[in-house]
C-alpha cells in the first residue's frame with residue numbers, strides 16, 4: 001500500500017490557488033500527470049497521457065497569467081477527455097480496437113471551446129467501447145477500477161472521466177451521456193456529473209453512438225464547477241444542426257446565477273422510482289435523507305407520476321441500438337481505423353475488419369439494431385419504440401406541470417463488483433433504469449453525491465425541464481451548501497487486485 | 001450471443017402491451033428542421049488530413065482491395 005501524491009481538489013480551490021500565486025499551472029499539470037501515472041497500475045483510468053504537450057500548454061497559461069491575460073476560469077487547469085471526443089492530433093479510439101491508432105484530424109467543438117478557454121488536456125480516459133456499457137468492462141483495453149474500491153467498477157460508459165475526478169487527478173473531465181453514461185459513473189464514484197439538455201452542447205467531434213440521445217457534459221466535484229464548465233462548452237454551433245440556437249432563454253451565465261435558496265421550490269418524487277422492490281434499501285434511505293435536507297430548507301415535496309417508466313429500458317435499447325447500427329456502419333476499414341490483413345477482396349475485407357475490430361457488446365448492439373430496423377420488424381420494434389418515446393416525453397411534461405424539479409436515485413445500488421453482471425447483457429441493461437428516460441425526453445439531469453452505503457457513494461439525480469439547467473444547478477448547488485458529501489473523497493490504495 | 005439477443009427481444013415485447021395507435025412518433029426531441037446554416041462554402045479537411053488515418057492510400061485517394069477480378073464487389 002502506497003499513498004499517492006495529494007489529490008488536486010476542486011476547480012474553485014485550484015482557481016483560488018492560481019489567483020493567489022500559491023501554485024502555477026505547470027505545477028498543477030505536473031501533479032495531475034504524477035497522480036495519473038501513480039494510480040494507473042491499479043485503477044487504469046487513462047488510455048493515453050500527453051505529458052510533453054500538456055507541460056508546454058501549462059507554461060503558456062502561466063505566461064498569460066503573469067501578463068494579466070487570463071482567458072477564463074479554466075485557464076491553466078488540467079482536464080481530461082473521454083476517449084470519444086476529438087482533440088486534433090491526439091488519439092481518439094473510443095476504447096475500441098477498430099479505432100486503434102486513429103488520430104483526430106480536427107477538434108470537436110466542446111474540446112475547441114475548452115482549449116480556447118485555456119484548459120490543459122492531460123489525457124484521455126477509458127470508457128466502454130463506443131459508449132456501450134454501464135461498467136467500463138466493455139473497454140477493449142482494460143477495465144477501469146473504482147477509486148473508492150478497486151474491486152468494483154466505476155460505472156460507465158464515461159467511467160474513466162468520473163474516476164479521474166473522483167481520484168483527484170483532475171478537477172474537471174468531459175464525458176458523454178447517451179443513457180446515463182455521465183450520471184451513473186458520477187454516482188458510483190462520488191462526483192457531480194451533468195447531462196445537459198439535448199442540443200445544449202454541440203456534438204461535432206463526438207464519435208456518434210446514438211445521435212438523438214448523445215450529449216456531452218462535465219464531471220467535477222461541485223455543481224458550481226459544473227456550471228463554469230457548461231457555460232464554456234454550451235452554445236449553438238453551425239457544425240451541428242441539432243445544437244440549439246442561442247436565445248435569451250438559453251443564456252448561459254449559469255455560475256453567476258447560483259446561490260439561490262430552495263424556499264418554495266416544488267420537488268417532485270416520481271412514485272414509480274421510489275419503490276422498495278429493486279432498489280437497495282440503504283441507497284433509497286440516503287436519497288430520502290437528501291429529500292429531507294431540501295424540505296427542511298423550504299422546498300415543497302410532492303409525489304408525481306411518470307406512468308410509462310417501466311417501458312423506458314426497452315424503448316431505449318431498441319432506439320439506441322437502431323441508431324448505433326447506422327452510425328457504426330462507417331467503420332469498414334476503408335477511410336480510417338483497423339483493416340483486416342486476412343481478407344481478399346472488398347466484401348471479405350469489410351466482414352473481417354468488423355469481425356476483428358468490434359468487441360462483443362458492440363457486435364451485439366449492431367445486430368440488435370439492424371434487426372429492429374429490418375423490413376419485417378421495423379413497425380413492431382423501431383416504430384413502436386419511437387411512439388412510446390412520445391409517451392415518455394409526455395410523462396415528463398405532465399409531471400413538470402406539478403413540480404419544478406424531479407428527484408430520484410441515480411442508480412438502484414452502489415457500484416457493483418467487476419464481473420458481477422457480465423453474465424447477462426439484460427441485467428446490465430436494467431441497471432440504467434433511472435437514467436435512460438432523461439435521454440429519451442432530452443431533458444437535463446445531474447447526479448451528485450448524497451451519502452455513503454456500504455462505504456460507497458450514493459448518487460442523487462435531479463431532473464428539470466428542457467433548458468432549465470439554471471434551476472438544476474441552483475438546486476444542486478443549494479444541496480451542496482447544506483451538506484458535505486461532495487467533500488468526501490476516496491483514499492487511493494495501491495496493491496494487487498486493489499487490496500489495501 | 002443468440003441467447004442474449006433472444007432475452008433482450010423477449011424483454012422488448014412488453015411494449016406491445018401499450019396501445020399506441022394514435023400516438024405520433026418522436027425521433028428527435030428538439031425541433032431542428034429550420035437550423036440550416038447559410039449556404040456558403042466552408043473549408044473542408046485537406047487531402048492530407050483526410051488520408052492520414054487511411055489503412056492504405058495512393059495518389060491522394062483511399063485504396064481498397066480489388067473489387068473486380070473474380071470477386072463481385
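Looking at residue A:376, is it outside any helix (DSSP H, G or I), within 14 Å of chain B (Cβ to nearest Cβ), over 20 Å from the mean Cα position of the chain (by Cα) and surrounded by fewer than 24 Cβ atoms within 10 Å (Cβ to Cβ)? Criteria met by residue A:376. If you go through region A:417-434 and pick out every residue that is in contact with a strand residue (DSSP E or B) (Cβ under 7 Å, 6 or more places away or on another chain) and surrounded by 21 or more Cβ atoms within 10 Å (Cβ to Cβ), you end up with 1. Would you check if there is a residue in region A:415-426 being within 12 Å of another protein chain (Cβ to nearest Cβ) and either at positive phi or part of a helix (DSSP H, G or I) (or both)? Yes: region A:415-426 contains one or more residues that are within 12 Å of another protein chain (Cβ to nearest Cβ) and either at positive phi or part of a helix (DSSP H, G or I) (or both). Across region A:216-231, not a single residue is classified as within 25 Å of residue A:41 (Cα to Cα) and part of a helix (DSSP H, G or I). For region A:51-83, the set of residues classified as touching a strand residue (DSSP E or B) at 6+ places or on another chain (Cβ under 6 Å) and assigned to a loop (DSSP other than H, G, I, E, B) consists of A:83 only. Looking at (1) in a loop (DSSP other than H, G, I, E, B); (2) more than 14 Å from every other protein chain (Cβ to nearest Cβ), find the lone condition where residue A:88 falls short. Here residue A:88 meets the rest and fails (2). Does residue A:350 fit the bill of being over 28 Å from the mean Cα position of the chain (by Cα), more than 9 Å from chain B (Cβ to nearest Cβ) and over 19 Å from residue B:11 (Cα atoms)? Answer is yes for this residue.
Restricting attention to region A:383-406, the residues being more than 8 Å from chain B (Cβ to nearest Cβ), within 15 Å of residue A:438 (Cβ to Cβ) and in contact with a helix residue (DSSP H, G or I) (Cβ under 8 Å, 6 or more places away or on another chain) number 5. Residues satisfying the criterion are present in region A:261-274 (criterion: in contact with a helix residue (DSSP H, G or I) (Cβ under 6 Å, 6 or more places away or on another chain) and either without any contact (Cβ under 8 Å) to a residue 40 or more places away in the chain or surrounded by fewer than 20 Cβ atoms within 10 Å (Cβ to Cβ) (or both)). Starting from residues that are within 19 Å of residue A:393 (Cα to Cα) and at the interface with another protein chain (Cβ under 7 Å from one of its Cβ atoms), keep the ones in region B:26-44 and report whichever is modelled with the lowest pLDDT. Step by step, filter region B:26-44, then rank; the result is B:32.
When the criteria are applied in full, residue A:318 meets the requirement of being within 14 Å of chain B (Cβ to nearest Cβ), buried (at least 22 other Cβ atoms within 10 Å of the Cβ), assigned to a helix (DSSP H, G or I) and touching a residue at least 40 places away in the same chain (Cβ under 8 Å). Inclusion of residue A:300 among residues that are in contact with a helix residue (DSSP H, G or I) (Cβ under 7 Å, 6 or more places away or on another chain) and surrounded by fewer than 22 Cβ atoms within 10 Å (Cβ to Cβ) is not warranted. Does residue A:452 satisfy the condition of being surrounded by fewer than 18 Cβ atoms within 10 Å (Cβ to Cβ), under 30 Å from residue A:147 (Cα atoms) and at pLDDT 95 or above? Against the criterion (surrounded by fewer than 18 Cβ atoms within 10 Å (Cβ to Cβ), under 30 Å from residue A:147 (Cα atoms) and at pLDDT 95 or above), residue A:452 qualifies. Each residue in region A:148-176 was checked for being part of a loop (DSSP other than H, G, I, E, B) and within 16 Å of the chain's Cα centre (by Cα), and 9 of them qualify.
The values are calculated or read from the model by the stated rules, or taken from the named source; none is laboratory data. Quick caveat: nothing in here was measured; it's all calculated off a predicted structure. Ideal geometry is used to build each Cβ from the backbone, glycine not excepted, and the neighbour counts take in all protein chains shown.
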